[in-house]
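Data block below; observations after.
The values are calculated or read from the model by the stated rules, or taken from the named source; none is laboratory data. What you are looking at is a predicted structure, and each value in this text was computed from that prediction instead of being measured. Positions of Cβ are generated from backbone atoms using ideal geometry, with glycine treated the same way; all protein chains shown enter the neighbour counts.
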Ligand code: PMP
């Protein structure tokens, strides 16, 4: 084998990405449709001017961790911050995954868990959801007992289904888990419950969050995890030194002064989500109830790819999930601005008429 060949795990994979087509209405990557507060954007010039650019960043990100910790009433030592929650997931898997270990997911779910786990050399073990994408607590128990994974992911609300996980399922998981349990709360602000209050020193539970969705800062790439102090200390060993640059630390700290402004938009997204759900349900379309900022749906009368192409022709990009395992015929739309949603719903009515 030529030495420039990648490792077996990498060769066996295809990348996870959504086509970034240049269209007027982009509803494919679950971003916030609103820009961040203008006051924060204006501050960034001063933030940049205040950086000691010749110096490495604060390696421990002390100030940023303190403001995030205050947000969740935990200690800064319970917080690890990285470049997007994907990097948080990667750090968790570098720490607890790897060769000879198992990483568990309940499918369908966010594809990066399996992807990153395999990159670290871990084996991925899969629990199955029901046909309606809900998760049977017995399946959780079965998977934990059969596989004894080192890491188990539960995405709440789940991506790409949008479904909110019943709290009892997490309780069953925590009771039977043999390793670290990661609850990915990338969309928690759009949902009605969070696992944050279950984080404690005597439980191997980690809860991840992102600034990319509710907080309108996908471009900045910031995410974090709240977990027991001993776990954070272990993650820090796996992370690269100075992985979080000075500008990002200061800009994110500044952004946390504007969170109420950003969170006010959650109510609008939720009401737009209801409008999308009810309008699509009135058409010949199967719709899953969402606790998130996107909606998964399956046109009954037409092929999903044909509907996707019709939407694209109308200048609207949604996520085509129809080729993903267990998601035959499904598309996923991110809730946009009221005008974007109006255009999407009008295009949908024509597409399935
Ligand atoms: N978790 C879930 C469930 C997601 O949907 C996403 C974004 N698609 C992420 C994590 C990663 O988000 P980011 O890296 O932007 O924080």
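If you go through the range 50-64 one residue at a time, do you hit one that is in a loop (DSSP other than H, G, I, E, B), closer than 20 Å to residue 255 by Cβ and without any contact (Cβ under 8 Å) to a residue 40 or more places away in the chain?
The answer is yes, given that some residue of the range 50-64 is in a loop (DSSP other than H, G, I, E, B), closer than 20 Å to residue 255 by Cβ and without any contact (Cβ under 8 Å) to a residue 40 or more places away in the chain.
What about residue 26, is it modelled with pLDDT of 95 or more and under 25 Å from residue 232 (Cα atoms)?
For residue 26, the condition - modelled with pLDDT of 95 or more and under 25 Å from residue 232 (Cα atoms) - is not met.
For the range 155-173, does any single residue satisfy the condition of being touching a strand residue (DSSP E or B) at 6+ places or on another chain (Cβ under 8 Å), in a loop (DSSP other than H, G, I, E, B) and more than 16 Å from the ligand (Cβ to nearest atom)?
For the range 155-173, residues touching a strand residue (DSSP E or B) at 6+ places or on another chain (Cβ under 8 Å), in a loop (DSSP other than H, G, I, E, B) and more than 16 Å from the ligand (Cβ to nearest atom): absent.
Being in contact with a strand residue (DSSP E or B) (Cβ under 8 Å, 6 or more places away or on another chain) and part of a loop (DSSP other than H, G, I, E, B) is the filter; apply it to the range 216-230 and report the residue that is farthest from the ligand (Cβ to nearest atom).
This residue is 228.
Kindly indicate whether residue 80 is touching a strand residue (DSSP E or B) at 6+ places or on another chain (Cβ under 9 Å) and either without any contact (Cβ under 8 Å) to a residue 24 or more places away in the chain or within 24 Å of residue 120 (Cα to Cα) (or both).
yes
Taking the stated definitions as given, is residue 134 surrounded by fewer than 18 Cβ atoms within 10 Å (Cβ to Cβ), more than 15 Å from the ligand (Cβ to nearest atom) and at pLDDT below 95?
When the stated conditions are applied, residue 134 does not pass them.
Just the residues that are outside any loop (DSSP other than H, G, I, E, B) and without any contact (Cβ under 8 Å) to a residue 60 or more places away in the chain, please, taken from the range 291-316.
Matches in the range 291-316: 297, 298, 299, 304, 305, 306, 307, 308, 309, 310, 311, 313.
If you scan the range 17-43, which residues turn out to be in contact with a helix residue (DSSP H, G or I) (Cβ under 6 Å, 6 or more places away or on another chain), under 17 Å from residue 257 (Cα atoms) and not in a loop (DSSP other than H, G, I, E, B)?
Correct list: 40, 43.
From 206, 254, which residue is away from the ligand (no atom under 12 Å from the Cβ), crowded, with 21+ Cβ neighbours inside 10 Å and either in a helix (DSSP H, G or I) or modelled with pLDDT of 95 or more (or both)?
206
So, in the range 142-154, of the ones that are buried (at least 16 other Cβ atoms within 10 Å of the Cβ) and either farther than 22 Å from residue 199 by Cβ or in the same structural domain as residue 335 (by TED's automatic domain parsing) (or both), which residue ends up farthest from the ligand (Cβ to nearest atom)?
Ranking the qualifying residues of the range 142-154, first place goes to 147.
What are the pairs with Cβ atoms under 7 angstrom where one residue, in the range 83-96, is not assigned by TED's automatic domain parsing to the domain that holds residue 227 and the other, located anywhere, is near the ligand (Cβ under 9 Å from one of its atoms)? Sequence gap at least six, or different chains.
Sorted first by the residue in the range 83-96, then by its partner, the list stays empty.
Scan the range 11-33 and tell me whether some residue there is in the same structural domain as residue 155 (by TED's automatic domain parsing), away from the ligand (no atom under 16 Å from the Cβ), in contact (Cβ under 8 Å) with a residue 60 or more places away in the chain and out of contact with any strand residue (DSSP E or B) (no Cβ under 6 Å at 6 or more places or on another chain).
no
Working only within the range 86-112, note down all residues that are in contact with a strand residue (DSSP E or B) (Cβ under 7 Å, 6 or more places away or on another chain) and within 13 Å of residue 127 (Cα to Cα).
102, 103, 104, 105, 106, 107, 109
Taking residue 176, is it within 16 Å of the ligand (Cβ to nearest atom), over 17 Å from residue 157 (Cβ atoms) and not assigned by TED's automatic domain parsing to the domain that holds residue 289?
no
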